[in-house]
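I have placed the structure first, in the form of structure tokens, so that the comments after it can refer back to it.
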Amino acid sequence: KAVANYADIIVFGIGINPIIPTEEQIDGLRNTLNGELYNDDTVLLSNVGDLSTESNKVSVHFPAFLENFINATAVDKDMNVPETACIGDRDDFALPGVDIKVASNTSNTGYTTVSGTRYALGYLAAAYANVKAELRAKDPESQTEDFVNVLKENTIDLGEEGKDNIYGYGYIDFN
């Protein structure tokens, strides 16, 4: 339905208890994504997950490990990835996701502070939407690959040189 309603960005924000699909479900989603979504003007965003511990680093979880997803990991104000963040070759971009102040109906102040890779997704969606709007204004024929390339070109490399399994391409520079 999202594609039928002309969604530009679909965000799959998975929390601490991730979906663990069967191989049949993965294949079904992969076929849907490859057939209906990726060929359209829709981008798929996900977070890498928050299941790691200091002694047990977990690889990115569903749906981030699927092809055609652009994935976010979280960093704190010092550009460190939290110990809970899953790591792997599907990490694409690092964005703010630690100690994020959000609205809350369970606190006396109306706000609470949260952390996790899923909170980096809002920043990734905003960066992508901004780049897409700017490029489309100049070139209506620009495509998803063009938008992602601009994001890659505007990152601060934080880990090993180039794309790595912790920070991906790096921290998207919003300036």
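Listed values, structure above:
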read-out	value
Surface share of carbon and sulfur [accessible, 1.4 angstrom probe, percent] for the stretch 66-130	48 percent
By accessible area with a 1.4 Å probe, ligands and nucleic acids excluded, highest first: order of D41, D157	D157, D41
D157 paired with I100, simple spin-label distance in nm, labels 7 Å along Cα-to-beta-carbon	2.7 nm
Peptides ranked, highest mean first, by Cβ atoms within 10 Å: ranges 91-100, 160-169, 107-116	91-100, 160-169, 107-116
Prolate/oblate/rounded call for the stretch 43-133, Cα gyration tensor, a/c under 1.5 rounded	oblate
Convex hull volume per residue in cubic angstrom - Cα atoms of the stretch 136-175	69 Å³
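The values are calculated or read from the model by the stated rules, or taken from the named source; none is laboratory data. Keep in mind the model is a prediction, meaning the values are calculated, not measured. Note that we place each Cβ from the backbone using ideal geometry, even for glycine, and neighbour counts take in every protein chain shown. Ligands, DNA and RNA are stripped out before the accessible areas are found, and what is left, the full protein with its side chains, is counted by its heavy atoms. Shrake-Rupley method; radii C 1.70, N 1.55, O 1.52, S 1.80 Å.
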